[in-house]
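Right, one structure below, let's go through it.
The values are calculated or read from the model by the stated rules, or taken from the named source; none is laboratory data. Computed from a predicted model, the values in this text were never measured in an experiment. FYI the Cβ positions are ideal-geometry reconstructions off the backbone, even for glycines, and counts take in every protein chain you see. When the accessible area is computed, the model is the full protein with side chains, heavy atoms only, and any ligands, DNA or RNA have been set aside. Shrake-Rupley method; radii C 1.70, N 1.55, O 1.52, S 1.80 Å.
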Amino acid sequence: IKLSNRLKIILSISAVLAVFVMQAVKFEYRKQVWFGSEQYSISEKLNLFKEITEQQTQEGVANEETQQSVISRINQGWIIARIINNLEITNEYANGESIERSVFTVILPGKLYPDKLDNRERNRYFKQFTGRDLGGSVAMGISVLGEAYGNYGAFGGIVFMFFFGVFI
């Protein structure tokens, strides 16, 4: 199917707006449906989603909080894509090293674990996983999914994420 340029632009703008609406709505929706005390039927969930969407669109979905959330999502997607593409070529998986060091950095004080990760070390893993050097003054998080793939590859990453999900 050949789409006209006008239709492509309309679809692209609609997709961007849909992403902003979803980001604005999902927090309140999850709070009520997942963590609220009420049990909702499918039709009630759809009505609730509609009500929250109407409320959020009236308040404005392009607020700073929603913009930051969308940017964060796009950024994490870019980082994970870089990790997968780079490690498919280099095969320089960390084999659990960065996860082990991250866990020990969080739970042990510096006196007991002098090998704590600092920004320089985190950037070293970022470069190993993505192939991109951030430089000294910039830091980006790899995310749990990026760490799983960067340490164990596709299958090992899936297994890691399963156990991580069970643990949390």
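Worth a mention:
- In this view, the solvent-accessible surface of Asp133, computed with a 1.4 Å probe and all protein chains in place, comes to about 110 Å².
- Of (i) -1.04, -1.16; (ii) -1.01, -1.30; (iii) -0.88, -1.31, the label for log10 I(q)/I(0) by the Debye sum over Cα atoms at q = 0.15, 0.19 Å⁻¹ derived from the coordinates: (i)
- Scaled against the 2.2 N^0.38 Å expected of a compact globular protein of N residues, the Cα radius of gyration of region 88-138 reads 1.25.
- Helix-only mean residue ellipticity at 222 nm for the chain, each DSSP H run of n ≥ 4 adding -39500 (n - 2.57), per residue, nearest 500: -25000 deg cm²/dmol
- Available extension along the chain between Ser43 and Arg73 is 7.9 nm, counting 0.36 nm per residue and deducting the alpha carbon span.
- Loop sites here are chymotrypsin sites (Phe, Trp or Tyr not before Pro) outside DSSP states H, G, I, E and B with no more than 16 other Cβ atoms within 10 Å. The longest part of the chain free of them is 41-168.
- Accessible surface ranking that places the most exposed of Leu87, Leu7 first, with a 1.4 angstrom probe: Leu7, Leu87
- Shown in residue order for region 6-12 are the 3J(HN,Hα) couplings computed by the Karplus curve 6.51 cos²θ - 1.76 cosθ + 1.60 at θ = phi - 60°: 4, 5, 4, 5, 4, 5, 5 Hz (x for Gly and Pro).
- Of the GluC sites (Glu not before Pro) in region 92-153, those whose Cβ has at most 13 other Cβ within 10 Å and which sit in DSSP loop: Glu92
- Pair Ile10, Lys116: separation of 7 Å Cα→Cβ label points (nm): 5.7 nm
- Compared with the direct C-alpha span, the chain from Leu108 to Val33 gains 23.3 nm at full extension, assuming 0.36 nm per residue.
- Contour excess over end-to-end distance, with Cα ends at Ala154 and Leu134 and 0.36 nm allotted per residue: 4.7 nm
- Cα gyration tensor shape for region 36-129, rounded if a/c is under 1.5, else prolate or oblate: prolate
- Paramagnetic reach from Thr57 in region 2-33 [backbone N under 19 Å; point 7 Å along Cα→Cβ]: 10-30
- Radius, Kirkwood style, for region 127-168 when every pair of distinct Cα atoms is counted (Å): 11.3 Å
- Sites count as exposed loop sites when they are trypsin sites (Lys or Arg not before Pro), lie in a DSSP loop, and have at most 16 other Cβ atoms within 10 angstrom; the longest stretch of the chain without one is 3-110.
- Rolling a 1.4 Å probe over the heavy atoms of the protein chains gives the chain an accessible area of 71 Å² per residue.
- Bridging of Lys31 to lysines at a Cα separation below 20 Å is possible for Lys45, Lys50, once same-chain residues fewer than 8 apart are set aside.
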